[in-house]
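Student: Before I ask anything, here is the structure I am working with.
The values are calculated or read from the model by the stated rules, or taken from the named source; none is laboratory data. Because the structure is predicted, anything quoted here is derived from the model rather than measured. Neighbour counts are summed over all protein chains in view; Cβ atoms, including those assigned to glycine, are modelled from backbone coordinates with ideal geometry.
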Amino acid sequence: MNHNLQLQANPAQFSGRLLLYPVAAPAIFPHASQLLHLRASDAGELITESIRRNNLIAVPLLQAGWEPLTNSSQAPVHAVGCLCTVALHDQLPDGHCTVLLRGLSRIRIDSEYESPLPFREAQCESLPDRYPQTTVIDRSHRRAELIDLVHQLHREIPYAPDVTRYLETELSLGALCDILAHSLQLPAEPAAELLQTVDVDQRSDLILGELRRQVRLSLDGALSRAPRLDFSLN
């Protein structure tokens, strides 16, 4: 039987103790969503257990060099990851499942627990975005710069009006940077740096630099076709 469940997280139940679901790049960022297709395995059981508890799960990036290990349960992870909720859980007849993870906020992994379960668990702390009172950038201008670069990369792709309005009016600068970071599908190390950057002004500097780099490559012909940003709107 196919069980399709649309779920709601209960952040009030976040005690700091979370199950870990380490992933390789691309990373999951706050304010973005990622669809996963999981086989009937420990990963599927991990998602089911997180739903049973409070529907919250920590998703850190695996550190470089994890590949020789037989499974991610032994692999080191970056200290800052994404707190996610399981927004959709679709159990398939063959035991596999489709899961939609939605990023909520950054979390720092302080310590891991010894657990009798076949899952990794850790004590985590929420990391809210930080907007310095003294800033060297004009945030409104920075938002406009980022959106202009996105349009330069994708002139040939017409935006639906609601997406354009979403980019230009509905997001904080921190959320805009996270949506763009997720959409750029960055390699592990740049993605980890962006996840670790809670200072929104500094994060916008990093995203600005990456978008400028991709625009230069596109203009130089190094990219036969600019990578389309896959916006996952919450």
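Student: Answer yes or no as to whether Leu69 is at pLDDT below 85 and not in a strand (DSSP E or B).
Tutor: So Leu69 passes the test.
Student: Filter the stretch 26-59 for residues that are of a type in the set (A, V, I, L, M) and either at pLDDT 80 or above or not assigned by TED's automatic domain parsing to the domain that holds Ile109 (or both) and give the result.
Tutor: Within the stretch 26-59, Ala27, Ile28, Ala32, Leu35, Leu36, Leu46, Ile47, Ile51, Leu56, Ile57, Ala58, Val59 qualify.
Student: Right, here's the next one. Could you list, in sequence order, all residues of the stretch 175-198 that are without any contact (Cβ under 8 Å) to a residue 60 or more places away in the chain and over 12 Å from the mean Cα position of the chain (by Cα)?
Tutor: Passing the criteria: Leu176, Pro190, Glu193, Thr197.
Student: Looking only at residues in the stretch 171-187 that are assigned to a loop (DSSP other than H, G, I, E, B) and at pLDDT below 90, which one is nearest to Glu210 (Cα to Cα)?
Tutor: Checked the stretch 171-187; the qualifying residue nearest to Glu210 (Cα to Cα) is Leu184.
Student: Evaluate the stretch 99-107: report whether one residue or more is under 23 Å from Glu193 (Cα atoms) and either touching a Gly at 6+ places or on another chain (Cβ under 7 Å) or loosely packed, with under 15 Cβ neighbours inside 10 Å (or both).
Tutor: Among the residues of the stretch 99-107, at least one is under 23 Å from Glu193 (Cα atoms) and either touching a Gly at 6+ places or on another chain (Cβ under 7 Å) or loosely packed, with under 15 Cβ neighbours inside 10 Å (or both), which makes the answer yes.
Student: Mind checking which residues of the stretch 73-118 are of a type in the set (Ser, Thr, Tyr) and out of contact with any helix residue (DSSP H, G or I) (no Cβ under 9 Å at 6 or more places or on another chain)?
Tutor: Thr98, Ser111, Tyr113, Ser115
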